[in-house]
Structure formats: structure tokens, C-alpha cells
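The structure appears right after this line, and notes come after that.
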Amino acid sequence: MNALPREVLKWLQSLDLSISVKNPKWDFSNGYLVAEILSWYHPKEIKIHCFNNGTSIQSKLLNWNLLETFFKNKNYAIDRDVMEGTIHCKSAAAEVLVEQLYTTLTNRPTYRLTPRSHTFNDLSYQSKLPLHARATASTAIKNNLANTELETGPDTSHLMTKTQHIISLHQQHRQNQRLQDPDRFGIKPTLGEIRPKMKPESNQKDRYGICQSNQENVQFAEIKVKQSGRDLPAGSMEEMKGKLNNDMYGTYQPTIKLGESNGYSAV
């Protein structure tokens, strides 16, 4: 009862139910109390004498089939996985069911600091235990797969899928334990973890080792190369360019007169 919010507890006590709610996990499992709550709001549609207050799996399935049909007709937002978790007495499933009923029937929200999850397993409980007391893979399957699920499972493949999901969660939980306490498991750090962390350089180098920076910061300077004894007058250069442009095939070879001190020999 401590897991339910205060306003939900007051609401349950105000309904004057035939059974006092002490442990929601077991009290709401067969669906009888759920039918009794609904009969207060829908007395013409929910007849309490149609429900059996038994603990067998057949009584539970019969009651919940009637309730599921009623929820679909009324478009009530009661999740299927929440109903299955309540049938099989999963941890916190009945509390989620009661809170959804409270919100649906009274149009008032419940106030919780942290929202409830619909993954009804014992991982939160296992994380609070010391490392030596936590469950093994076989114990995790036993704790999270009820006997009633084995009896009511549609086929073997469905049960195998559930079992594989439990094992995957257990392996992930074990990996988190190894990361939290590496000394206990004898995990040695890798070379990448041992080496000191280097600050990233501002400039990047390509595969040829050439430093590349942003193009906005690159400035180019014009370099003039002067060869001694080989500089041509400006007029001669313009004359050579004009003749080369007039030559269609580029076979023109300029001739330079003898005696000019330009560094070229006569042709």
C-alpha cells in the first residue's frame, strides 16, 4: 500500500470495497476488486455476480477477459501489458493498474516525482543489493517468469522470446556491474585508457602531412622571380605574345638579333 499515492489510497478507502486492500500485488490479481470498483461507476454494465473471487488461473483469465472487453467498449486507456503483469503478480504492475483506473474514472491525475515504467522486472531491486547477493541468470529467469505464464503461454516460441529477453537484460546488468567495479572482476585498463589525453590540435593535417586550416585565414603573396641576364624588355615581350597568338599551330619561334645583351643566342 505504501507504493500507491496518497490520493489513490483515499479514493480506494472511499469506495468501501468488500476486501480491504493490503497488498495490491495479490489483491488485484484475480480482477475481482477491479470489477467491484467499476461497478460503483457503471452499475448497469458491470454485474459483480458475474465475476469469481477465486485464485486459480482459470478464474483470473475469465474475470480479466470480461474486464478487457469492457475496457475496449468504453475506450479506457488500460494497457494490455499492465493487465498481464497484474494477472501474473509482477512487481509494481497492480499499482500501475490502480493508478490508471483512478485517472480514467475520476479524471484526476496522480502526482509522482518519477513516472512508473511498464517493464515489470526486479532489476531495480537487484541494483540495490550488494554484488555478492545479486541474482544469477537462472535466478533472474525464475524471478521474472511466473509459473502462470508457463501455463497460459500461447506457444513455446513465445516463452522462449520472453526468456531470451530476461537473459539479455541480465547480461546488460552484469556488464554495468563490471564497469562500476572493475577491480572486483580483475579488469585491467587498455593502453588507450592508460595513455594521457592529448588536446586536439587546431589545425588538421591531411594524409601527406600538410597542415590545413580554414580557407578564410589563408593569404597568398605574389612572388616575383628575376633571372639575371635573361630579362626581356617589355616591348619585346608584347611583340612575342602577339606573334604567338597569330600563329595558329604554335610553331612560331622568335628570332633575336645578334649583339643584343639579353642572354639568348641567335637562331
Seminar exercise, completed: When (1) over 34 Å from the mean Cα position of the chain (by Cα); (2) within 25 Å of Tyr111 (Cα to Cα); (3) not aromatic (Phe, Trp, Tyr); (4) not in a loop (DSSP other than H, G, I, E, B) are applied to Lys25, the one that fails is (1)
Problem set entry | The listed residue being under 17 Å from Leu12 (Cβ atoms) and open to solvent by 50 Å² or more (accessible area, probe 1.4 Å), out of Ile48, Ile37 | Ile48
Seminar exercise, completed: Note on His170: of the conditions (1) assigned to a helix (DSSP H, G or I); (2) out of contact with any helix residue (DSSP H, G or I) (no Cβ under 6 Å at 6 or more places or on another chain), unmet is (2)
Problem set entry | Which listed residue, of Leu67, Leu9, Leu17, Leu62, is in contact with an Asp or Glu (Cβ under 6 Å, 6 or more places away or on another chain), surrounded by 11 or more Cβ atoms within 10 Å (Cβ to Cβ) and without any contact (Cβ under 8 Å) to a residue 40 or more places away in the chain | Leu17
Exercise. Any residue in the range 24-46 that is of a type in the set (A, V, I, L, M), in contact with an Asp or Glu (Cβ under 9 Å, 6 or more places away or on another chain) and modelled with pLDDT under 90?
Worked result: no
Seminar exercise, completed: Restricting attention to the range 69-98, the residues that are assigned to a helix (DSSP H, G or I), closer than 22 Å to Gly54 by Cβ and not small (Gly, Ala, Ser) number exactly 10
Problem set entry | From the options Thr163, Thr110, residue that is at pLDDT 75 or above, of a type in the set (S, T, N, Q), in a loop (DSSP other than H, G, I, E, B) and surrounded by 11 or more Cβ atoms within 10 Å (Cβ to Cβ) | Thr110
For this session: Would you mind finding the one in Ala137, Ala92, Ala133 that is of a type in the set (Gly, Ala, Ser) and within 23 Å of Ala3 (Cα to Cα)?
Result: Ala92
For this session: Among the numbered conditions (1) under 27 Å from Leu97 (Cβ atoms); (2) open to solvent by 80 Å² or more (accessible area, probe 1.4 Å); (3) at pLDDT 80 or above; (4) not aromatic (Phe, Trp, Tyr), tell me where Ser138 comes up short.
Result: (1)
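The values are calculated or read from the model by the stated rules, or taken from the named source; none is laboratory data. Everything quoted here is computed from the prediction, not taken from an experiment. Because the Cβ atoms are built from the backbone with ideal geometry, glycine has one as well, and the counts that use them run over all protein chains shown. Just so you know, the surface numbers come from the protein's heavy atoms only, side chains and all, with ligands and any DNA or RNA stripped out. Shrake-Rupley method; radii C 1.70, N 1.55, O 1.52, S 1.80 Å.
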